[in-house]
Structure formats: structure tokens, C-alpha cells
């Protein structure tokens, strides 16, 4: 070899260059090219190889690199071409081969639904692992955020009720029972109450039914089914309405175990029984 020979490219082929190196001068013509036709002797690609062995090694290396390349199908490629491409980049043969780790409590059906989609899209196991990991982290964060928001809302609702208690003082217990009576008379179930609370907020929902309860207590019932006049005692509704008009009696109702609180409970129970009987009569 001359002083301008560089040994050991990727294929082990010796490359011959003129003094000055790459970009420093013209490429020298190796002696072995003398046996080729003139058009081949002038080919700069062949001139890079110092001898026949270098050419052979370079050719083998080129073939190896070409066979390891994965060609992305063109826009007009058919499904078979895409299937071959997916397999070449490492897509598993069977969708069941995807290893998917779910967080505790997650529905395994989600993974079963995702596997065929990932396979159809040609995702590799590494890509699926990355997507699933990202999704799990996001789901965990969203659950944590939702739990924190729910706790904050619950605390806010409790604080609003405590503020209402402080403002109403002794009247809170009486008005609370009026609100409960009103809710019961309107047939308010738990789900409806929760939705109302979510819409209005704890305090506003309680205040609404307190106002309804107070309004119901200010007037006698006019439903054609009364057994006595206002405050006569013959009708539990009328009796309760009359007693609730007395501020002193309302104040005593809030004392647990007092005669007034026990009477209040009896009247409320009587009203419930009466309304049940009315519904039975209407149904028959």
C-alpha cells in the first residue's frame, strides 16, 4: 500500500486516497482497476478500494446493511406491505403477547380491549409499555385530583353549615326539623337531595328547605281532608302549625328529651301516618 492508504472501514475494506486525504486531492487509481473496462476504471466508487479483497469485503458489508434496513411502506402500499413492516419493527405475532400492567383496582377488560387495537396499529411491545405507563400515571393523577376536590367540597359544605348554625343560634334546630319535614313531605329521596346539594351547595339547599318548612308551618292545610280547625288538635298538621307559631315552644323543641321535643316527634309521626292513610285511600 502507498502512504495514502486508509485501512479498516466498516466492512474491513482498505480505501486508497491520494496524499492530502479526503477533500485534499484527487483519488489515486488502484492497480487492480487496470483490468477493467475504461468506464469502470473511472468510477470513483471502485477507485476507493485498494484491491479486490477490499472490494469484496465492502460489497458484503453493503449487502448486510441493506438487508437490515426496514423500508416504510409508501402511501399506496397495501395491507400486506404494512403487515410486513409491523413485523419487521418488532410487533408481536399475537395481540395476547402484549404485557400490560394495570394499577390496583383497574378493570382487566380495558387491557383486553386495548391489545387488538395496539396490534392493528402495529405497535411494538416497547411502545405499548410506554403508552400504558403514561395512561396509568394520568389515571392515578386524575383520581387523586378528583378525591382532593371532593374532600375540599365536603369541607366547604360542612363549613357553610357551621356558619349557618352560628348565625341562627338556637333557631337552627327548629328550622332544621322544619326543613326535614318539608323534604319528607315532598318525597325527597337521597339521590335527589344529593343532586340538589351539588347544584346549590350545602348551605343553600338547607336554607331552601328551611324556608319551605317555615312557609308550610305558617298556614293551615287546605286539602279538604282536615278533621279539625287550625290549632284544634284534631289534625296533627294543624296542631304542629299552631305550636310552631310559638317562639318559646320552638326554642324548647331543640332541647333533647324535653316534653316539647317528644311532642314534636309524636306530631311528625302522626302526620306521616295520616299521609300514608290518605295515599292508601286514593290508591283504592
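The set of residues from the range 231-284 being modelled with pLDDT of 85 or more, loosely packed, with under 12 Cβ neighbours inside 10 Å and in a helix (DSSP H, G or I) comprises 247, 248, 259, 269. Summed over the range 154-199, the residues that are on the phi > 0 side of the Ramachandran plot and more than 37 Å from the chain's Cα centre (by Cα) give a count of 1. Counting only helices (runs of 4 or more DSSP H) that sit wholly inside the range 50-142, those with at least 2 residues that are closer than 30 Å to residue 29 by Cβ and over 33 Å from the mean Cα position of the chain (by Cα) are 52-68. Across the range 69-86, not a single residue is classified as within 30 Å of residue 35 (Cβ to Cβ) and loosely packed, with under 15 Cβ neighbours inside 10 Å.
With respect to (1) at pLDDT below 90; (2) under 30 Å from residue 144 (Cα atoms); (3) exposed (fewer than 14 other Cβ atoms within 10 Å of the Cβ), the lone exception for residue 126 is condition (1). Number of residues in the range 22-49 that are modelled with pLDDT under 85, part of a loop (DSSP other than H, G, I, E, B) and farther than 27 Å from residue 64 by Cα equals 5.
The values are calculated or read from the model by the stated rules, or taken from the named source; none is laboratory data. Just so we're clear, the structure is a prediction, and the values are computed from it rather than from any experiment. Backbone-built Cβ (ideal geometry, glycine too); neighbour counts: all protein chains shown.
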